[in-house]
């Protein structure tokens with residue numbers, strides 16, 4: 001048997017070249033020489049993930065964590081295996097169990113990106129956005145982080161900012177077909193929204209109603225043009241001060257522009273107040289319903 005360190009280095013080169021089966025075998029030499037070398041076991045799990053042998057990868061990565069619970073690479077291998085297998089709930093649990101492990105900043109950025117994808121799969125919008133934002137903060141040159149942010153923003157229907165995020169991912173890794181496909185899909189979505197915005201603006205030329213201005217504001221918000229969106233919602237409110245959707249839209253536009261406190265909160269409060277008033281009016285019995293109730297009692 002050769003030198004385990006030499007075998008480990010050779011395996012890393014093979015992995016980087018995409019020769020995953022050969023890399024798996026080379027890492028196996030390292031593990032055979034030292035069965036407690038958790039990083040090598042985790043690296044074998046990464047090879048299996050790359051080969052789409054998901055159950056085996058998860059089992060081997062779990063073993064790596066059991067061998068050395070303090071080894072960052074072992075935890076990364078398990079999280080990658082669960083991410084590759086599209087198992088969001090176990091992934092979230094694995095991230096929680098790795099709390100306190102001494103990950104590098106880049107590793108923490110990658111973990112947050114995979115955590116964001118897990119939350120996207122579970123449709124947990126706020127958690128997805130928080131994790132993706134943290135990922136970009138930790139690893140600003142990671143295409144995966146920006147793609148995760150694009151997915152989270154897409155889940156929030158913030159198509160303009162989502163396109164900007166995926167374009168950043170493509171700029172970092174221009175040869176990656178997955179990122180390019182995501183960018184092209186989002187571009188088409190943004191083009192559709194821009195067409196709808198042009199039509200909505202055209203309707204303002206006829207009769208600029210509160211509903212028409214609110215529609216313009218909603219489309220601008222989707223495109224990430226928050227200051228313009230807030231202005232459009234204000235136009236709607238000027239026409240109809242009781243327009244609940246316009247007050248709500250203004251609140252979101254101000255919030256997304258950068259947390260325009262307390263203006264955003266006041267807009268939300270106004271929308272809530274107006275909504276409650278409308279609800280009370282809808283529940284209040286009219287003369288007709290009172291007469292109907294009396295007739296029903298007589299019967």
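Quick notes on this structure:
- Each Cα pair under 8 Å and six or more residues apart adds its sequence gap; the mean of these over the residue count of region 207-290 is a relative contact order of 24 percent.
- Helix 54-67 vs. the chain, principal-axis angle (Cα, 0 to 90°, nearest 10): 70
- You can think of it this way: the chain between residue 25 and residue 157 has 43.0 nm of extra reach, that is 0.36 nm per residue less the Cα-Cα gap.
- Working from Cα pairs under 8 Å separated by at least six residues, relative contact order for the chain is 8 percent.
- Under the shape rule built on the C-alpha gyration tensor, where the axes satisfy a ≥ b ≥ c, region 235-280 is oblate, since a/c reaches at least 1.5 while a/b does not exceed b/c.
- Whole-Å distance, taken between Cα centres, linking region 21-68 and region 103-164: 27
- Alpha carbon centroid spacing (whole Å) that separates region 169-193 from region 230-251: 33
- Our summary gives region 1-103 a relative contact order of 20 percent, counting only alpha carbon pairs under 8 angstrom and 6 or more residues apart.
- With neighbours defined as other Cβ atoms within 10 Å of a residue's Cβ, the residues 261, 178, 24, 233 order from fewest to most as 261, 178, 24, 233.
- Packing-based order for 107-117, 93-103, using average beta carbon neighbours within 10 Å, highest first: 107-117, 93-103
- Angle in degrees between helix 72-84 and the longest Cα principal axis of the chain, rounded to the nearest 10: 60
- Angle in degrees between helix 159-172 and the longest Cα principal axis of the chain, rounded to the nearest 10: 20
- Answer label for Rg and Dmax of the Cα atoms in Å (calculated), chosen among [x] 19.8, 64; [y] 26.9, 99; [z] 18.9, 62: [y]
- Contour excess over end-to-end distance, with Cα ends at residue 17 and residue 239 and 0.36 nm allotted per residue: 73.6 nm
- Residue 69-residue 171 FRET efficiency (beta carbon distance; Förster radius 41 Å; 0.05 resolution): 0.60
We did not get these values from a lab; they are worked out from the coordinates using the rules stated. Just so you know, these numbers come straight off a predicted model, no measurement behind them. All Cβ positions, even for glycine, are placed from backbone atoms using ideal geometry, and neighbour counts span all protein chains on display.
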